[in-house]
Amino acid sequence: MQSKTDLEVILTRESDIHLPLENRPVIANQKRGDLFISIHANANRNRRISGVQSFYLNFSTDPSVLETAAKENATSTKNINEMMDIIRRIARNTKIEESKEFALKIHKSLVNRLSQKYRNVKDMGVRGAPLWVLIGGKMPSALIEVSYLSNPTEESRLNNPQYRQRVAQGIYDGILGYINSLGKGK
Ligand SMILES: [Zn+2]
């Protein structure tokens, strides 16, 4: 599992500190990033739920998406209505289509990579959601929930460095897939 590219990776944080959600795309803009990825581990009260789930910034009326968004946005001081307003204002300038494509590419390659080695890797889909961490970035942006910490099987997998390496490789494949698709239609 190796590839060579000249990609430069910039982390918004390198230790377990809290960085406000809204500040993360600001860093991406300041560093003139070409792509933005927010990497997460998911959680649900229902411990049987597992799988890979990915998001890009968009409006949503789906209750389950809004529930996830509320959890993800919990540390922000702004409320969801303020946010919808902001999204409406920036929607015209945001790369929604590109971000959707980017999220899809990462999502598919991550599910593929994990499925090659592990059983019952569930594809929980790619959806638009109003997420603070995806607002304001000037580049295609995606949020990837790589597995569920609340699911005992995935929790123990996440504890394994080989699994985490495979997660990283899946994300990396998706980034390369997206870059290679640029300028080629789809
Ligand atoms: Zn999350």
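Laboratory data are not the source of any read-out in this text; all were calculated from the coordinates shown. The structure presented is a predicted model; accordingly, all values stated were derived computationally and were not measured. With ideal geometry, Cβ positions are generated from the backbone for all residues, glycine too; neighbour counts draw on all protein chains shown.
Fewest first, what order do 12, 75 take by the number of other Cβ atoms within 10 Å?
Numbers: 12 16, 75 13.
Ascending number of Cβ neighbours within 10 Å: 75, 12.
Rounded to the nearest Hz, the phi-derived 3J(HN,Hα) couplings of segment 63-76 under the Karplus curve 6.51 cos²θ - 1.76 cosθ + 1.60 (θ = phi - 60°) are x, 6, 5, 5, 5, 4, 4, 4, 5, 5, 8, 3, 7, 7, where x marks glycine and proline. The order of the peptides 117-127, 137-147 by mean Cβ neighbours within 10 Å, most packed first, is 137-147, 117-127. In order along segment 157-170, the phi-based Karplus estimate (6.51 cos²θ - 1.76 cosθ + 1.60, θ = phi - 60°) of 3J(HN,Hα) comes to 5, 5, 6, 9, x, 5, 5, 5, 5, 5, 4, 4, 5, x Hz; Gly and Pro are listed as x. What the phi angles of segment 115-128 give under the Karplus curve with 6.51, -1.76 and 1.60, with θ = phi - 60°, is a coupling list of 5, 4, 10, 10, 7, 6, 7, 8, 8, 8, x, 10, 9, x Hz, glycine and proline written as x. Calculated FRET efficiency, residue 62 to residue 112, Cβ-Cβ distance, R0 = 25 Å: about 0.50 to the nearest 0.05. Annotation: the residues 17, 106, 96, sorted from fewest to most other C-beta atoms within 10 Å of their own C-beta, follow the order 17, 96, 106.
Sorting the segments 81-87, 108-114, 32-38 by their residues' average number of neighbouring beta-carbon atoms within 10 angstrom, most packed first, yields 108-114, 32-38, 81-87.
Rounded, prolate or oblate: which one fits segment 23-181, using the alpha carbon gyration tensor with axes a ≥ b ≥ c (rounded when a/c is under 1.5, else prolate when a/b beats b/c, else oblate)? Oblate, because a/c is 1.5 or more while a/b does not exceed b/c.
If each DSSP helix of 4+ residues adds -39,500 (n - 2.57) and the sum is divided by the residues in the chain, what number results at 222 nm, nearest 500 deg cm²/dmol?
Working: 6 runs with 79 residues, N = 186.
Using -39500 (n - 2.57) per qualifying helix, the result is -13500 deg cm²/dmol.
The calculated FRET efficiency for residue 82 paired with residue 9, based on their beta-carbon distance and R0 = 41 Å, is about 0.80. With the cut-off at under 12 Å, measuring from each backbone N in segment 125-146 to a point 7 Å along the Cα-to-Cβ line of residue 182 picks out 139-141. Under 5 Å between amide hydrogens, built in the peptide plane, is the criterion, and for residue 127 it picks out 54, 55, 56 among residues at least 5 positions away or on other chains.
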